[in-house]
Amino acid sequence: MAQTCLSCLKYLMFSFNLIFWLGGCGVLGVGIWLAVTQGDFATISPSYPFLSVANVLIAAGTIIMVVGFLGCLGAIKENRCLLLSFFILLLIIFTLELTGIFIFITGRDMIDKYAHRDLTKGMRLYNTEGNAGLTKAWDIVQTDFRCCGVENYTDWFTAFGEDKVPDSCCLEYGKGCGATLSKTNFQEGCYVKVMDVLEQYLLVVGIFGLCIAAIQVLGMAFAMVMYCQLRKESSKYY
């Protein structure tokens, strides 16, 4: 009976981690596709230029694949060491996620201030040598969100040292249109607009986060139950 239970648990955990691993492959694939098709697209933060969408997806996909592979191998081989490693890795990831959420909730004002300062600093690098990715990122954000600057369009005056804005701030794009300030330019800042859009999807993000957390807890539970069952089985022979 115990052997049958262990066998069911083994294949259940293998199936669970196979889906987990395939999900990681999908995330990694999207990240690589973004890196190839939009290689010069980077974050608008000068302090963390590596935090592009492509890089984040590649890193997340790789981690998910490694963890899922450990779980699959540990289950099919009935290896206690691999199962324990899988459990510890998932526990570390889960703890880091909870810590990140706690820091975000308690330090929201501090994060907002830092983000404003960092983004404003990055504006000075716009259209300068070696910053094509940052320039493109600003252009995409301002065009897609129909905004200009961090707080408002006047942020660019300080960045450029003169009263003009990037051409991506124009309602109707044209070469050199940002040099002529008029009502044809976007007036509102991008920070508030982007945050408003993110808040609209807060419920969806929250539900997605809870699903991820549930999957992680389930994975840890499977790993620990199987680990304990294997330990119990091995102790019978001593």
* Structure fact -> Amide H proximity to VAL150 below 5 Å, modelled H, separation 5+ or other chain, gives ASP155, CYS190
* **Equivalent ellipsoid semi-axes - Cα gyration tensor, region 98-238, angstrom** => 49, 16, 14
* Quick one: how many Å² of ILE76 are accessible to a 1.4 Å probe, rounded to 10? -> 70 Å²
* To do: Measure up LYS121/LYS164; LYS10/LYS77; LYS121/LYS175; LYS113/LYS164 against 19 Å on the Cα-Cα distance and list the ones that go over.
  => LYS121/LYS175; LYS113/LYS164
* For an R0 of 25 angstrom, estimate the FRET efficiency from the Cβ-Cβ distance between TYR11 and ASN79 and round to the nearest 0.05. => 0.95
* To do: Amide H neighbours of ARG124 under 5 Å, at least 5 residues apart or on other chains, H built in the peptide plane: list them.
  => none
* Relative to the first principal axis of the alpha-carbon coordinates of the chain, what is the inclination of helix 190-200, with its axis defined by its Cα atoms, in degrees from 0 to 90 and to the nearest 10? -> 40 degrees
* For the chain, give the magnitude of the charge dipole about the Cα centre (Cβ charges: +1 Lys/Arg, -1 Asp/Glu; no others), in debye to the nearest 20. => 1120 debye
* To do: Kindly sort PHE86, PHE160, PHE102 by accessible area of their heavy atoms, largest first, with the probe set to 1.4 Å.
  => PHE102, PHE160, PHE86
* Compute the long axis of helix 108-123 from its Cα atoms, compare it with the longest principal axis of the Cα atoms of the chain, and write down the angle in degrees, 0 to 90, nearest 10. => 50 degrees
* Asked: Counting only protein heavy atoms, what percent of the accessible surface of the chain is carbon or sulfur at a 1.4 Å probe?
  -> 69 percent
* To do: On the full set of protein chains, 1.4 Å probe, figure out the accessible area of VAL27 and give it in Å² to the nearest 10.
  => 40 Å²
* Asked: Dividing the convex hull volume of the alpha carbon atoms of region 165-221 by its residue count, what do you get in Å³ per residue?
  -> 112 Å³
* To do: Before rounding to the nearest 500, sum -39500 (n - 2.57) across all DSSP H runs of length at least 4 in the chain and divide by the residue total; then give [θ] at 222 nm in deg cm²/dmol.
  => -24500 deg cm²/dmol
* To do: May I ask for the angle, rounded to the nearest 10°, between helix 53-77 and the longest principal axis of the chain, with both axes built from Cα atoms and the value confined to 0 to 90°?
  => 0 degrees
* At R0 = 30 Å, FRET efficiency that the Cβ-Cβ distance of TYR114 and VAL204 yields, to 0.05 -> 0.70
* Structure fact -> Cα-based Rg and Dmax for region 73-127, in Å, come out at 19.9, 56
* Compare ASP196, ASP112 by solvent-accessible area with a 1.4 Å probe and give them largest first, with all protein chains kept in place. => ASP196, ASP112
* Asked: So what's the convex hull volume per residue for the Cα atoms of the chain, in Å³?
  -> 144 Å³
* For the chain, accessible area per residue (1.4 Å probe, heavy atoms of protein chains only), Å² -> 61 Å²
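The values are calculated or read from the model by the stated rules, or taken from the named source; none is laboratory data. Bear in mind that the values here come from a model prediction, so they are computed numbers and not experimental data. Glycine also receives a Cβ, built like all others from the backbone with ideal geometry; neighbour counts cover every protein chain displayed. Accessible surface areas use protein heavy atoms only, side chains included; no ligands, DNA or RNA. Shrake-Rupley method; radii C 1.70, N 1.55, O 1.52, S 1.80 Å.
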